[in-house]
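First the structure, in the form of structure tokens, and then the observations on it.
Every number in this text was worked out from the coordinates using simple rules, so none of it is lab data. Since we're looking at a predicted model, the values are computed, not measured. Neighbour counts are summed over all protein chains in view; Cβ atoms, including those assigned to glycine, are modelled from backbone coordinates with ideal geometry.
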């Protein structure tokens, strides 16, 4: 059975444990890169990563962009929303559908 993981700073992710998700607080870029590799090679189908952390390990995340699993989804942290998560979803939708469905006149 596949699992869901949440990576980021402790303050941003601790609430996800109440939803039954496995949380993995990280304190450094090196630690985050190793953890992402371990989670991706495990039984994790979805890995949520805070936008701030994702920016630090963007090259590592890029490795998994074309993979079916895991699906890596950026979420805002306690510092706020940088827009990177929405931008990623928008690009994925544009690629799948062929146009920007979020565009409004």
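See the values below:
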quantity: Shape call, region 3-80: gyration tensor on alpha carbons, a/c limit 1.5; calculated: oblate
quantity: Exposure proxy ranking, count of Cβ atoms within 10 Å, fewest first, for 53, 68, 36; calculated: 68, 53, 36
quantity: Neighbour-count ranking [beta-carbon atoms within 10 angstrom, fewest first] of 72, 78; calculated: 78, 72
quantity: Residue 33 paired with residue 65, simple spin-label distance in nm, labels 7 Å along Cα-to-beta-carbon; calculated: 1.8
quantity: Proxy reagent accessibility, fewest Cβ within 10 Å first, across 24, 16; calculated: 16, 24
